[in-house]
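Asks: If you scroll down you'll find the structure; I have some questions about it.
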Amino acid sequence: MPKSSSAAQQALAGLDAMPPWLISLALLALGVIVALIVHALGVALARRLLRSRDAFWRSLVMRSRRPSRLALVALGLSFAARVAPLSEAQAALFQHGMLIAVILLVGWIALTALDIASTLYMRGVSLDAADNLIARKHVTQVRILHRAIATVVVLVTIGLALMTIGAVRQWGVSLLAAGGAAGLIVGLALQPLLANLIAGIQIAMTQPIRIDDAVIVESEWGTIEEIRSTYVVVKLWDLRRMVLPLTYFIQTPFQNWTRESATLIGTAMLYVDYAAPIDAMRAKLEAIVKASPLWDGQVVALQVTDLRERVMEVRCLASARNAPQTFDLRCIVREQMVAFLKAEHPEALPRDRLDLTRIGA
């Protein structure tokens, strides 16, 4: 008998003498090693093939290395469990666990791809510009759609994982039955989540609000600081935060000062005596506004808008590039116009008159 045949027989005899748990452990370790080698070769090949492609695919390969490695390890363990000397119940349980792991890891890779796509899309978008309407439009759409799609991916991933368990699958079917009490309870519990998810998609498409929009909600002025999956954070003028559900901006009227443009016209109301020199006040307003760096060079006007028993109502208009600058410009106009009237035209300030000659008569 050849020596090679005797060596092979001795090796097989040695394997037969090994306990089954040790053989299973060795096969599982072999499956892990093979999976790691295949993953390393696959990543190297993918990086070489995608060297001339766009940044999305290169980033996807780099950032998905960990979940893809774990997915290949799970597949390797699943194949090793099929040939390992495990009992039928043990093999089935092990393979089921690996299947769930692969589903979860694929969901992880999908979320990573979504993050990369969002980041690359937002690379050329900046909110620092004075008129950042287009930037705010893109930022709002990307953030809302990113969270909505991420929520769907998570729900689908968990749902697929649970559907692999027979008992849970049947329970899920019974929850979806129209007449099931449990289904009614779950439906009612998910109603706010689904309503806000749909509202988020509506806001992303129609964009009644955007990131950094100046709004008035609940009689408070503020800016849209953050749009989440189910709620919106409004940064108020005094640095408080108001948290509102997404459905609020679909169902409730509110003011958006920067819907079409960041430029706003500020109003400063003055109440002066009938003897006030309107032409001199108009010239002074133009001088104040033109000397301020906050003015955007578009609108400046002074008009008498109302006549009351003792005073005239004078409206001063001036435009600025955005809401904060408009507010500051309005304050400057009020302060300097009042100072001008006190210094040069004190007779223009509101006053009450008393005719003593008529009283004496």
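The values are calculated or read from the model by the stated rules, or taken from the named source; none is laboratory data. Every value quoted in this text rests on a predicted model; they were computed, and no experiment measured them. All Cβ positions, even for glycine, are placed from backbone atoms using ideal geometry, and neighbour counts span all protein chains on display.
Asks: Just one of Glu260, Glu309 is under 33 Å from the mean Cα position of the chain (by Cα), part of a loop (DSSP other than H, G, I, E, B) and among the acidic types (Asp, Glu); which is it? Even if it seems obvious, please write down each step before you answer.
Replies: Details: Glu309 fails: under 33 Å from the mean Cα position of the chain (by Cα).
Testing whether each residue is under 33 Å from the mean Cα position of the chain (by Cα), part of a loop (DSSP other than H, G, I, E, B) and among the acidic types (Asp, Glu) leaves just Glu260.
Asks: Then there's this: Any chance you could count how many residues in region 206-238 are part of a loop (DSSP other than H, G, I, E, B), modelled with pLDDT under 90 and not aromatic (Phe, Trp, Tyr)?
Replies: Filtering region 206-238 down to residues part of a loop (DSSP other than H, G, I, E, B) leaves 207-213, 218-219, 228-230, 237-238.
When the remaining residues are screened for being modelled with pLDDT under 90, the result is 207-213, 219, 228-230, 237-238.
In the following step, the residues that additionally are not aromatic (Phe, Trp, Tyr) were identified as 207-213, 219, 228-230, 238.
Residues in region 206-238 being part of a loop (DSSP other than H, G, I, E, B), modelled with pLDDT under 90 and not aromatic (Phe, Trp, Tyr): 12 in total.
Asks: In addition: Quick check on Val272: is it surrounded by 18 or more Cβ atoms within 10 Å (Cβ to Cβ) and not polar (S, T, N, Q)?
Replies: Numbers: surrounded by 18 or more Cβ atoms within 10 Å (Cβ to Cβ): yes; not polar (S, T, N, Q): yes.
Answer is yes for this residue.
Asks: Taking the criterion of being of a type outside the set (Gly, Ala, Ser), modelled with pLDDT under 80 and crowded, with 17+ Cβ neighbours inside 10 Å, would at least one residue in region 80-90 satisfy it?
Replies: First, the residues of region 80-90 that are of a type outside the set (Gly, Ala, Ser): 82-83, 85-86, 88, 90.
Checking which are modelled with pLDDT under 80 leaves us with 82-83, 85-86, 88, 90.
From what's left, crowded, with 17+ Cβ neighbours inside 10 Å: 86.
Yes: one or more hits.
Asks: Let me ask something else about it. Cβ-Cβ below 9 Å, separation at least six or inter-chain, first residue in region 231-251 and under 17 Å from Thr206 (Cβ atoms) and without any contact (Cβ under 8 Å) to a residue 60 or more places away in the chain, second assigned to a strand (DSSP E or B) and of a type in the set (D, E, K, R): which pairs?
Replies: Between residues of region 231-251 that are under 17 Å from Thr206 (Cβ atoms) and without any contact (Cβ under 8 Å) to a residue 60 or more places away in the chain and residues that are assigned to a strand (DSSP E or B) and of a type in the set (D, E, K, R), the close pairs are Val232/Glu225; Val232/Glu226.
Asks: Being in the same structural domain as Gly31 (by TED's automatic domain parsing), of a type in the set (Ser, Thr, Tyr) and at pLDDT 70 or above narrows it down to one of Ser68, Ser59, so name that one.
Replies: It is Ser68.
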